[in-house]
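Novice: Before I ask anything, let me first share the structure, which is written out below as structure tokens.
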Amino acid sequence: MHKIVKGIGVLIGAMMIMPASYAGSFPDQGRPIKIVVPYTAGGSSDFLARLLARKMAENMGHKIIVDNKPGGSTVLGGDYVARSAPDGYTLYLLGEMTNASLVALNKNLPYDPVTAFAGISNLVESPLVVSVPSGFPAKGLGEFVDYARANPGKVTYGSAGLGNTLHLAGAKFASVVDVDMMHVPYKGASQALIDLVAGRIDVMFDLPQTPLPQIQEGKLRPLAVTGPARLDLLPDVPTSAEAGFPQYGFVTRIGLTAPAGTPVEVKARLHEEVVKAMADPELTKALADRAMYVSTSGQPEDFDKDIRGAVEVVTRLLRDAGVEPQ
């Protein structure tokens, strides 16, 4: 009997130290680490993931691959990661605002966007640019607000879909500046941009790289950038604060997560490697050229807090805009 009890004690002790031992051997050279991107290849998120994967692989001497799983407004990729083993080998590139909007827009999801993932680190922040057609009467953000207030409900803003980041940016602007604008959702930002250039909609709040060619060609007029500082890409365009609206600011954030339940030691190792990779000067410049600015989290738990906070903010914003979950 004594031997049985002793054996059980040894087994329990082994189980208690297993996570630390596992973390010490992480990653196993025989298993690649996979970063799941819930979008098609070629976009900004994919670009970020591939830069990160390449630099982490170089630093760690380990194979890291990018796996694109688009569909269902990121639900397909998110569900795949949520169901994956919490061992550090399957990671998820998570757009903070997009993930948060899933909670506000859907009654039935295959996973909980708040509790399904464990934060590793935020990666980048990106401001938006507020653009109007070149023939629009407003020459600056102040004139635009005056025009919108004089024409309540008539000014239209386009986005890439209900609950999309561009929609959230416009809804927040309308709320904090106190203007009544009509949201026009499209299937993608490129389609909305075509109608903006043609003057069929009045304004867009979009990532700078999307309207930049049309701005440079004089087809669109940038009124303001929504971040705390001017952009090197558009040095003459004021921030919304400089334009007279310090109450309005908006940045998108993209970070890296793992399935919930991933061992603390594994998350810590991944966080360390992510921060090291994102500090690389060439990587930082390549992202800045696309108006994506490196902003890593101090600890994995900090990104968890950011994810929860974004859900609260976005849910309230969409409710105030009259959007109900379906």
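Novice: Out of (1) assigned to a loop (DSSP other than H, G, I, E, B); (2) in the same structural domain as Gly199 (by TED's automatic domain parsing); (3) in contact with a strand residue (DSSP E or B) (Cβ under 6 Å, 6 or more places away or on another chain), what's the single condition that is false for Pro86?
Specialist: For Pro86, the exception is condition (2).
Novice: For region 239-248, check the following and say yes or no: at least one residue is touching a helix residue (DSSP H, G or I) at 6+ places or on another chain (Cβ under 9 Å) and under 21 Å from Gly43 (Cα atoms).
Specialist: no
Novice: Hey, another quick one. Among the residues of region 121-175, write down those that are among the polar types (S, T, N, Q) and either over 22 Å from Gln214 (Cβ atoms) or more than 15 Å from the chain's Cα centre (by Cα) (or both).
Specialist: Passing the criteria: Ser121, Asn122, Ser131, Ser134, Asn151, Thr156, Ser159, Ser175.
Novice: Return the total of residues in region 295-305 being surrounded by fewer than 18 Cβ atoms within 10 Å (Cβ to Cβ) and of a type outside the set (S, T, N, Q). Even if it seems obvious, please write down each step before you answer.
Specialist: Keep residues of region 295-305 that are surrounded by fewer than 18 Cβ atoms within 10 Å (Cβ to Cβ), which gives 295, 298-299, 301-302, 305.
Cutting the leftovers down to of a type outside the set (S, T, N, Q) gives us 298, 301-302, 305.
So the answer is 4.
Novice: Could you grab me the full set of residues in region 264-282 that are over 18 Å from the mean Cα position of the chain (by Cα) and touching a residue at least 24 places away in the same chain (Cβ under 8 Å)? So that I can check it myself, show each step before the final result.
Specialist: Going residue by residue through region 264-282, those that are over 18 Å from the mean Cα position of the chain (by Cα) are 264-270, 272-273, 276-277, 279-282.
Residues satisfying the conditions are Val264, Glu265, Val266, Lys267, Ala268, Arg269, Leu270, Glu273, Lys276, Ala277, Asp280.
Novice: Can you list residue pairs whose Cβ atoms sit under 8 Å apart, with the first residue in region 98-116 being surrounded by fewer than 17 Cβ atoms within 10 Å (Cβ to Cβ) and modelled with pLDDT under 95 and the second being in a loop (DSSP other than H, G, I, E, B) and polar (S, T, N, Q)? Count only pairs 6 or more apart in sequence or on different chains.
Specialist: Asn106/Gln326; Lys107/Gln326
Novice: Sticking with this one: Checking Asp87 against (1) closer than 24 Å to Lys285 by Cα; (2) surrounded by fewer than 24 Cβ atoms within 10 Å (Cβ to Cβ), only one condition comes out false. Which one?
Specialist: Checking Asp87 against (1) closer than 24 Å to Lys285 by Cα; (2) surrounded by fewer than 24 Cβ atoms within 10 Å (Cβ to Cβ), the one that fails is (1).
The values are calculated or read from the model by the stated rules, or taken from the named source; none is laboratory data. No experiment lies behind these values; they were computed from the predicted model shown. All Cβ positions, glycine included, derive from the backbone under ideal geometry; neighbour counts span all protein chains shown.
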